[in-house]
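The values are calculated or read from the model by the stated rules, or taken from the named source; none is laboratory data. Source: prediction; values computed, not measured. Here Cβ is always computed from backbone atoms with ideal geometry, including for glycine, and neighbour counts include all displayed protein chains. Ligands, DNA and RNA are stripped out before the accessible areas are found, and what is left, the full protein with its side chains, is counted by its heavy atoms. Shrake-Rupley method; radii C 1.70, N 1.55, O 1.52, S 1.80 Å.
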Amino acid sequence: ISLILKNAIFTPLYVSRITGYKKHVFLKGIIGPLSAAVFAWTVCKAIQFIVKIDSWPSLIATGVTVSFCYAVFAFMLVCTKEERQLVLKSMLSTSMLKYENFDKIESSTMTLVYSFYPYRRKLVFDKR
């Protein structure tokens, strides 16, 4: 819990003070991932009340279910419209990717794009 508080509250405030940006700039980026984590925790608690997890298959099935729910939640509510379009296009065909679309996405979601993009060495992660 202390690491969550440190990363969710102290680090953005410290970075905003060091860089001179307003506090809401860094705190705004935490709302999406934090809400997705709370959603995943809620799904875990709901499954715990419904299903008795007492074997490896039930544990694996629960993990897959939570992962799927988290992915759908993050894709629909955390990602921006440009990020969703980029992921869908990259899943359909790598030839449909347009490099100018990479400028529209936020740096916090570069790992999502990185995992779907086949030419990983060509991506630039330092967006300025």
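So in the range 81-101, with the set limited to residues that are open to solvent by less than 50 Å² (accessible area, probe 1.4 Å) and either at pLDDT 75 or above or of a type in the set (S, T, N, Q) (or both), which one is nearest to Ile30 (Cα to Cα)?
First pass over the range 81-101, keeping only residues open to solvent by less than 50 Å² (accessible area, probe 1.4 Å): 83, 86-87, 90, 93, 97, 101.
The next check asks that each one be either at pLDDT 75 or above or of a type in the set (S, T, N, Q) (or both); those that pass are 83, 86-87, 90, 93, 101.
Working: Glu83: 17, Leu86: 22, Val87: 21, Ser90: 26, Ser93: 31, Asn101: 23 Å.
Among them, the one singled out is Glu83.
Sort out for me the helices (runs of 4 or more DSSP H) sitting completely within the range 14-95 that have 3 or more residues that are in contact with a Lys or Arg (Cβ under 9 Å, 6 or more places away or on another chain). Step through it out loud before you land on a result.
Values: elements: 23-50, 56-73, 81-92.
It comes to 81-92.
Condition test on Phe26, is it farther than 27 Å from Pro12 by Cβ, within 17 Å of the chain's Cα centre (by Cα) and either open to solvent by 60 Å² or more (accessible area, probe 1.4 Å) or at pLDDT below 90 (or both)? Don't jump to the end; show me each part of the working.
Numbers: farther than 27 Å from Pro12 by Cβ: no; within 17 Å of the chain's Cα centre (by Cα): yes; either open to solvent by 60 Å² or more (accessible area, probe 1.4 Å) or at pLDDT below 90 (or both): yes.
The answer is no for Phe26.
Yes/no per residue for (1) in contact with a His (Cβ under 6 Å, 6 or more places away or on another chain); (2) modelled with pLDDT of 80 or more; (3) surrounded by 11 or more Cβ atoms within 10 Å (Cβ to Cβ):
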{"site": "Thr11", "(1), (2), (3)": "no, yes, yes"}
{"site": "Gly20", "(1), (2), (3)": "no, yes, no"}
{"site": "Asp54", "(1), (2), (3)": "no, yes, no"}
{"site": "Ile60", "(1), (2), (3)": "no, yes, yes"}
{"site": "Thr65", "(1), (2), (3)": "no, yes, yes"}
{"site": "Tyr70", "(1), (2), (3)": "no, yes, yes"}
{"site": "Phe75", "(1), (2), (3)": "no, yes, yes"}
{"site": "Cys79", "(1), (2), (3)": "no, yes, yes"}
{"site": "Asp103", "(1), (2), (3)": "no, no, no"}
